[in-house]
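In what follows, a single structure is set out as structure tokens and then discussed.
The values are calculated or read from the model by the stated rules, or taken from the named source; none is laboratory data. This is a predicted model, so every value here is computed, not measured. With ideal geometry, Cβ positions are generated from the backbone for all residues, glycine too; neighbour counts draw on all protein chains shown. These accessible areas exclude ligands, DNA and RNA; they are computed on the full protein's heavy atoms, side chains included. Shrake-Rupley method; radii C 1.70, N 1.55, O 1.52, S 1.80 Å.
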Amino acid sequence: MLQGFIQITLTLGILVAIVSFFGRYMADVYLEERTFFDRGCRPIEPWIYQIGGISSWESMTGWQYARAVLISNLMMGILVFLIFMFQGILPLNSTGLEAPSWDLALHTAISFTTNTNQQHYSGETTFTYASQMFALGFLMFTSAGTGLAVAIAFIRGLTGRPLGNFYVDLTRSITRILLPISVMGAIVLLLAGVPETLAGPATVTTLEGVTQTIARGPVAHFEIIKELGENGGGFLGINSAHPYENPNGFTNLVETVSMVSIPASLIYTYGIIAGNKKQGWLLFWMVFILYVALIAITAVGEYGGNPVVNNLLGSSTPNLEGKEVRFGWAQTALWAVNTTGTMCGAVNGMHDSLMPTGGFSTLFNLFLQIIWGGQETGTAYLFVFLILTVFLTGLMVGRTPDFLGRKIEKR
């Protein structure tokens, strides 16, 4: 019991430790302050803007920003759908897979474009390496970047700043945040045992003398952006419960922290952009307390185990049904709260095997969507609840409600 709760406490401690640093870094990126990756990004970004015909100095109106989001994501979704439909003749098809059905391809393209990442397929038997990398992997960066851009525009609007340019925000989200962290994270996962190869499936003979085909592929770089961008869609069918996606406790720690790092730090980023770090920390600790409470509820339930099974055994044992033994009850409970809290969707154990308290926590997260919520929705919903609270409180005390020094009124 003690070991499991120490693992959870260590993970929470790492999260708290990185929030101020990472939140400050993201604020510097969007406030166009000097950052660590400037030397590598500054020569590249003007070329991206020039090829895209982007006027980086032009701030958009609300309608222009929304239209840019819709049009760009529509085009990306169409591109990915076409890659799926022609994957049979594209390179990097070492598994010899043909195109999926049109409705599966359409569903998957829409799902990953919108950062939903719902899967009606097993990646190793449905999509080629080209589709996994250039379609799904591409959308994992752009959908997460879109969420970050919209979240920052929302924060700018709240604080009375110009909304900025969507294409610039998207570019900076990818080049300054998602891509460099993903490269470093992929190297760490690779060193920890996650495969990264373009070789086809391996055919081996088991100890029983039976021939078995083992799927593999460029998993490490796919896995890190899956968690960092709250994407959730797995390279392999059983997602992060698969030993190639998540082989040990260390990779589980890296992926768990990656999953929650951006949405948690984004609250502190808001405090910096709003010029009110104290309010940023207040919001962070408010959500953090709810987050820890849900983890405790889930973990205690999993440690106590299933009473029916305990009665049969004559002793109390943790609930290990539907869990990987290498993670156990504690890391599975923590992951379940993280993945539903961040709207990620990746799994390292089966949620239908959680005890009722775990079911409560995961459903609570899915309904509320602010603990921590996705990179866009979590921040937006958090402030929607906050504005409603301030408005209702103002009505009860008989004063004009205001937020950040601005009146809450019809417009």
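Please compute the volume of the convex hull spanned by the alpha-carbon atoms of region 243-363 and report it per residue in Å³.
103
Only four residue types carry charge here, +1 at the Cβ of Lys and Arg and -1 at the Cβ of Asp and Glu. Report the dipole size of region 1-99 about the Cα centre in Debye, rounded to the nearest 20.
It works out to roughly 100 debye.
Only sites in a loop by DSSP and with at most 10 other Cβ atoms within 10 Å count here; which chymotrypsin sites (Phe, Trp or Tyr not before Pro) in region 38-83 make the cut?
Those satisfying the criteria are W57.
Write down the Å³ per residue value for the convex hull defined by the alpha carbon atoms of region 358-411.
About 101 Å³ per residue, rounded to a whole number.
Assuming 0.692 mPa s and 37 °C, estimate D for region 104-147 with Stokes-Einstein, Rh taken as the Kirkwood radius over Cα pairs, in µm²/s.
Estimated via Stokes-Einstein, D reaches 314 µm²/s.
Within region 266-332, list the trypsin sites (Lys or Arg not before Pro) lying in a DSSP loop whose Cβ has at most 10 other Cβ atoms in a 10 Å radius.
When the trypsin sites (Lys or Arg not before Pro) of region 266-332 are filtered for loop state and at most 10 Cβ neighbours within 10 Å, nothing remains.
Distance between the C-alpha centers of region 342-411 and region 271-320? Whole Å please.
Taking the Cα centre of each part, region 342-411 and region 271-320 sit 17 Å apart.
For K410, list the aspartates and glutamates whose Cα falls under 13 Å from its own Cα; do not include residues on the same chain fewer than 8 positions away.
Result set, ordered by chain and number: D402.
Using bins 10 angstrom wide from zero, how does P(r) for region 229-296 break down, in % of all Cα pairs?
All Cα pairs, binned at 10 Å, distribute as 19, 35, 28, 15, 2 percent.
Tell me which GluC sites (Glu not before Pro) from region 226-310 have a DSSP coil assignment and no more than 15 other beta carbons within 10 Å of their own.
none
Per residue, what accessible area does the chain have, given a 1.4 Å probe and all protein chains present, in Å²?
That works out to 47 Å² for each residue.
What FRET efficiency comes out for N248 versus Q50 if R0 is 41 angstrom and r is the Cβ-Cβ distance? Round to the nearest 0.05.
FRET efficiency, N248 to Q50: 0.35.
Okay, helix-only estimate at 222 nm for the chain: each DSSP H run of n ≥ 4 adds -39500 (n - 2.57), divide by all residues, round to 500 deg cm²/dmol; what do you get?
One gets -19000 deg cm²/dmol as the mean residue ellipticity at 222 nm.
Once whole DSSP H runs in the chain are found, which of them have Cα atoms spread over 27 Å or more along the helix axis and a mean Kyte-Doolittle score of at least -1.0?
Those that pass (Cα extent of 27 Å or more, hydropathy at least -1.0) are 2-30, 62-85, 138-158, 249-273, 277-304, 377-397.
Given bins 5 angstrom wide, list per bin the percent of all Cα-Cα distances in region 125-265, short to long.
Result, from short to long distances: 2, 10, 17, 20, 17, 12, 8, 6, 4, 2, 1, 1, 0, 0 percent.
Determine the relative contact order of the chain: mean sequence separation of Cα pairs under 8 Å and six or more apart, normalised by residue count, in whole percent.
That works out to 17 percent.
What aspartates and glutamates sit close enough to K323 to cross-link, taking a C-alpha to C-alpha distance under 12 Å and skipping anything fewer than 8 places away on the same chain?
Correct list for K323: E302, D352.
Starting from the Kirkwood radius over alpha-carbon pairs of the chain, derive D by Stokes-Einstein at 20 °C in a medium of 1.002 mPa s and give it in µm² s⁻¹.
Using the Kirkwood radius from Cα pairs, D works out to 95 µm²/s.
Roll a 1.4 Å probe over the protein heavy atoms and report the accessible area of T146 in Å², nearest 10.
Near enough 10 Å² of accessible area.
Using just the Cα positions, wrap region 100-189 in a convex hull and report its mean projected area in square nanometres, one decimal place.
Its Cα hull, projected and averaged over all orientations, spans 7.2 nm².
Using the Cα atoms as the points, what is the convex hull volume per residue of region 1-131 in Å³?
222
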